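First up is the structure itself, then whatever we jot down about it.
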């Protein structure tokens, strides 16, 4: 029991290797008393490898730990929500679909992206409208995650995605919808053929290209008649793409000749689903205020402003670098942690390590460059700057000089 208490206490050690070993040993032994402390680390653990081990450990004591994991879905700390969602995705319990639904629209994109994958693993098609409402959100990697998640629902996703293609508020949403339909391909996306042909007349050139590309994954002869006709389109990108698609036209497809430009063949119209015209409710994800952070130097500066402004917005750091934290603040954090550890009956040596770990955790929570990145949770903020020659000069809410805990 004393060994288990020590292992639990050292989940907060300053060294990541020690924290990982403690989580591994507690999981191997299925120490149920450790379930709470393991889940509690979800919200404060900065190291990606340790977080993965925490998930592995709690899954080995799931009867005790899962209620705590589900409770962590409502944690105000984004990293706790992220790890709880990731953990539940490993189970794929259909009952978790509704629990995870609010996380699909989480304000932190990395949390939302993980929730898309998690609800897909749960398999309840009732979540499809919520997923479709996220089309166009985030980075290219985020959008690919949503593409994969919607692909799990196959034909059940098509009507909602068609609605987004027709009525998406932005070109990014409509292009993403076209990409999803192309990924579903034939036969699942055949009912989307009319909407994809309509997309060839979209005001946005990227949407037109996305629609034509998606048509190339269908097998209807009428679709290929439209593609063949598009070789003469006024948009040079469509002409080029149509030619390339025709080079790999399925040999089994026999094209019906004589389809006029812009005409939707009746054979396609028969596939159309009027209900798909409704579309999902509009959503928006405003960019953070770039004035939250001040950068200088390097050609990558413009690309880092938004991720770092988001970090300030979500992480609410107090200091820029580790050395900016006043020594008296760190001393106070360490002293309080040491006093509590000794009061809990831990040996002096272990208590000292716990205190050092508390100081390190405080740094990771309050220092911008030491925080876990909200846009790349596997890295710290300072890692995003390596090799860019970009430096953070200032940020909103930064503290300088003396401060209190």
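Here, each number is a calculation from the coordinates, and none is a lab measurement. Please read all numbers here as calculations on a predicted model, not as lab measurements. All Cβ positions, glycine included, derive from the backbone under ideal geometry; neighbour counts span all protein chains shown.
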Practice prompt. State, to one decimal in nm, how far the label point of residue 289 lies from the label point of residue 56, with both points 7 Å from Cα in the Cβ direction.
Written response: 4.4 nm
Worksheet, complete the sentence: Percent of all Cα-Cα pairs per 5 Å bin for segment 290-395, counting from 0 up to the last occupied bin, reads 2, 13, 20, 19, 14, 11, 9, 6, 4, 2, 0
Response to the item:
Computed over the chain: longest principal axis from alpha-carbon atoms vs helix 78-91 long axis, angle to nearest 10 degrees, is 70 degrees
Worksheet, complete the sentence: Compactness check, segment 8-86: C-alpha Rg relative to the 2.2 N^0.38 Å globular estimate gives 0.95
Response to the item:
At R0 = 22 Å the Cβ-Cβ FRET efficiency linking residue 383 and residue 327, nearest 0.05, sits at 0.30
Worksheet item: How big is the Cα convex hull of segment 29-147 in projection, averaged over all directions, in nm²?
Response: 6.9 nm²
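Let me have the 222 nm mean residue ellipticity of the chain computed from DSSP H runs of 4+ only, each contributing -39500 (n - 2.57), with the sum over all residues rounded to the nearest 500. All intermediate terms of the calculation are to be shown ahead of the outcome.
On the way: 21 runs with 223 residues, N = 405.
Helix contribution divided over all residues of the chain: -16500 deg cm²/dmol.
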Worksheet item: Stretch residue 44-residue 74 to full length: gain in nm at 0.36 nm per residue minus the Cα-Cα span?
Response: 9.3 nm
Discussion item. Suppose a student asked you for the relative contact order of segment 290-395, using Cα pairs under 8 Å spaced at least 6 residues apart; what percent would you report?
Written reply: 44 percent
Discussion item. Testing the spin-label approximation: label points 7 Å from Cα along Cα→Cβ at residue 95 and residue 234. State their distance in nm.
Written reply: 5.9 nm
Item to complete: Starting from the Cα-Cα distance between residue 246 and residue 105, subtract it from 0.36 nm times their residue separation and give me the gain in nm to one decimal.
Response: 46.8 nm
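When you count, for each residue, the other Cβ atoms within 10 Å and take the mean per peptide, how do 103-111, 388-396 rank with the highest first?
Details: 103-111: 21.1, 388-396: 15.8.
Ranking the peptides 103-111, 388-396 by packing returns 103-111, 388-396.
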Fill in: Length-normalised contact order for the chain - Cα pairs under 8 Å, 6+ apart - percent
14 percent
Worksheet item: Considering the alpha-carbon set of segment 160-243 alone, what are its Rg and its Dmax in angstrom?
Response: 11.4, 31
Discussion item. If I take the Cα coordinates of the chain and project them onto the principal axes, what are the three extents in Å, biggest first?
Written reply: 87, 50, 34
Discussion item. Just to confirm the number: angle between the C-alpha axis of helix 158-167 and the first principal axis of the chain, 0 to 90 degrees, nearest 10?
Written reply: 80 degrees
Discussion item. Give me the one-decimal nm value for the distance between modelled label points at residue 139 and residue 63, 7 Å along each residue's Cα-to-Cβ direction.
Written reply: 4.1 nm
Practice prompt. Calculate how steeply helix 236-247 sits against the longest principal axis of the alpha-carbon atoms of the chain, using the helix alpha-carbon long axis, and give the answer as 0 to 90 degrees to the nearest 10.
Written response: 80 degrees
